[in-house]
Amino acid sequence: MTEYAPTIGLEIHAELKTRTKMFCGSKNDPDETRPNVNVCPVCLAHPGTLPVINREAVKHVLKVGLAVGGKIADYTEFDRKNYFYPDLPKGYQLSQYEYPLVSGGELGGVALTRIHLEEDTASSVHEEGTNTTTIDFNRSGVPLMELVTEPVIHSVEEAGNFARELQLLLRYLGASDANMEKGEMRVEANISVGKDGQLGTKVEIKNLNSFRAMERAVAHEIKRQTQLLERGEKVVQQTLGWDEGKQATFPQRVKEGSADYRYFPDPDLPSLMLSEIPDFALEELRRVMPELPSQRRQRYLSFGIQSEDAELYVREPKLGAFFDEVATLLEGGGGAKGVLLASNYIANDLVKIIRDIEHRDADYQSEIPISAPNFKKIIDMQLDGKILSRSAKNILLACTKGAGDPVVYAEAHALLLNEDSTLLDSTVEQVLEQNSSAVADYKSGKAAALEFLVGLAMKALRGAADPIKLRQLLDSKIKPEKS
């Protein structure tokens, strides 16, 4: 049987976070629910109006370009992409064709072709139960970044990972919230299936609005094309949509080529020499760049923590910031061992507490319900051998509910390990006296009997004892009788 392999390229659009739209002064507000309120003669394409380039949108794309190691253009211009659709008021879209802002680069191991700026279209609103479609122009003219990858992705998982990493990068840079459920980030996948390393006929799936939808659509299309080829049929180059209900692609139109759009430079917008514009000085943009997700991930891994924990801190910056604060406090005491222990409690116990709060309170904003200094005190008590792991978890839970100082709480609730040798000795003697059958079992070689006795002693001491010391003490008192 012939082995067919997929080749995937992604085109991802992200609406940029700016105060105003790409070429006019209308408000850029993705949360506006009233139709056609953030509009003006420019974004409605009234005759005689002239566009003006949004500097902040250009900056956002340049920062993304720097973050992915792309080549930043010196010369750039905007072009008219001509096509006719009801949500495109001008009959063309202002975009970039021959001279994009960024060329090349790499993200998450995936090579990039280009990143450029364009304007978004209006929204078509299809009325339920009727044949009516209306147009909302609030989105018309919103700055839109388009990123195109090279066709170097070869699995559904790789495609999903790349799209998620891009979303994370856009959020770190403050370039876009990239919420797919709001349409702020849309994915288009180009898929071909071939054999012997050859590219097949490319098919595009448009406007995928969630990572899961994108992954399911790509998987379905790989399977569909493979089955066609195995039957000796040809794949038709076309644009497809994705039906989430049917879990299947469907034809939209024959795939256009660049010639169909009749690109030409827009005569109403100036071409730009970026090196001559102080706002776009690359050294200044580099200076204000935040720590990138990839850099943060490597920094966390350098602590020696688990990769899953590092990924959690990268994807949830509030947890990452809390870990950073705790780790900084532990540098003065506790060292690497303390940092690893802290990460274990944050990524497991503290996260579970936060998730439980979120489940009970839909309006909870994922604030960290304990201060970093108090969290460090819990870690210090365990490192110093003053409390057990179980007690640490109980203290942590209590402190997230307002218990206050962990040390005071541990003392008040008798959670500190009891070092009173007289009390430990008398407790062990009492346990042995009251459980002669378990003593006999241990003498006969049943190791589990000793653990049973340790448990009884721990219960008598309300958990405030070192089980290792109790085990040694119990064993030493039984051993002389073994002979």
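Quick note: the coordinates plus some simple rules give every number you see, no bench work behind them. Bear in mind the structure is a predicted one, so any value in this text is a computation, not a measurement. Virtual Cβ from ideal backbone geometry, glycine too; neighbours counted across all protein chains shown.
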Subject >> Size of the chain as Cα extents on the principal axes (Å, biggest first) >> reply: 101, 59, 48
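Once you order the gyration tensor axes a ≥ b ≥ c over the Cα atoms, which shape class does the stretch 1-152 get: rounded for a/c under 1.5, otherwise prolate or oblate by comparing a/b with b/c? Provide the component values of the computation, followed by the final result.
Details: a/c = 2.10, a/b = 1.36, b/c = 1.55.
It comes out oblate by the Cα gyration axes.
Going through the cross-link list K443/K469; K223/K246; K21/K318; K27/K59; K386/K469; K27/K90, which pairs have a Cα-Cα distance over 21 Å in this structure? Working shown, then result.
On the way: K443/K469 19 Å; K223/K246 15 Å; K21/K318 30 Å; K27/K59 18 Å; K386/K469 13 Å; K27/K90 19 Å.
Exceeds cut-off: K21/K318.
Do you know the relative contact order of the chain, to the nearest whole percent, from alpha carbon pairs under 8 angstrom that are 6+ apart? Walk me through the numbers before you get to the answer.
Numbers: 793 pairs, mean separation 62.3, N = 483.
Dividing the mean separation by the residue count of the chain yields 13 percent.
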Original post:
Using the alpha-carbon centroid of each, what span in Å lies between the stretch 396-417 and the stretch 52-118?
Top reply: 55
Original post:
What ranking do Y92, Y313, Y364 get, fewest neighbouring Cβ atoms within 10 angstrom at the top?
Top reply: Y364, Y92, Y313
**OP:** Treating each Cα of the stretch 39-78 as an identical point scatterer and ignoring solvent, apply the Debye formula and state log10 I(q)/I(0) at q = 0.18, 0.22, 0.27 Å⁻¹.
**Re:** -0.65, -0.78, -0.94
Original post:
For E276 and A448 in the same chain, what is the full-extension length gain: residue separation times 0.36 nm, less their Cα-Cα distance, in nm?
Top reply: 54.1 nm
Subject >> For A465, distant residues with modelled amide H under 5 Å away >> reply: N418
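Going by how many other Cβ atoms sit within 10 Å of their own, how do L229, L112 line up, fewest first? Walk me through the numbers on the way to the answer.
Values: L229 18, L112 24.
Going from sparsest to densest Cβ surroundings: L229, L112.
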Original post:
If you place +1 on the Cβ of every Lys and Arg and -1 on the Cβ of every Asp and Glu, how big does the dipole about the Cα centre of the stretch 263-316 come out, in debye to the nearest 20?
Top reply: 360
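Would you mind ranking S192, S123 so that the residue whose beta carbon has the fewest other beta carbons within 10 Å leads the list? Could you put the intermediate results ahead of the total?
Numbers: S192 21, S123 15.
Ranking S192, S123 by Cβ neighbours within 10 Å, fewest first, gives S123, S192.
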Original post:
Mean 1/r over all different Cα pairs, inverted: what Kirkwood radius does the stretch 203-345 give, in Å?
Top reply: 20.9
Original post:
Looking at P35, T20, S124, which one has the Cα that reaches farthest to the positive end of the dipole of the stretch 2-125 (charges on Cβ: Lys, Arg +1; Asp, Glu -1)?
Top reply: T20
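Give me the dipole magnitude in Debye, nearest 20, for the stretch 19-75 about the Cα centre, with unit charges on the beta carbon: positive for Lys and Arg, negative for Asp and Glu.
Details: 8 positive and 5 negative charges, 26 e Å.
The calculation lands at about 120 debye.
Kindly state, to the nearest 0.05, the FRET efficiency for D243 paired with E158, given R0 = 22 Å and r defined as their beta-carbon distance. Provide the component values of the computation, followed by the final result.
Numbers: r = 24 Å, r/R0 = 1.10.
Efficiency, rounded to the nearest 0.05: 0.35.
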Original post:
Placing +1 at every Lys and Arg Cβ and -1 at every Asp and Glu Cβ, with all other atoms neutral, what dipole size does the chain have around its Cα centre, in debye to the nearest 20?
Top reply: 820
Original post:
Put +1 on the Cβ of each Lys and Arg and -1 on the Cβ of each Asp and Glu in the chain; which of Y442, F137, G385 then has its Cα farthest toward the positive end of the dipole?
Top reply: Y442
Original post:
Any idea which of I305, M214, V288 is furthest toward the positive side of the dipole for the stretch 183-314, if Lys and Arg beta-carbons carry +1 and Asp and Glu beta-carbons -1?
Top reply: M214
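Arranged from highest to lowest average of other beta-carbon atoms within 10 Å per residue, in what order do the peptides 12-22, 218-228, 270-280 appear?
Details: 12-22: 22.5, 218-228: 18.8, 270-280: 12.5.
Put in order of decreasing packing, that is 12-22, 218-228, 270-280.
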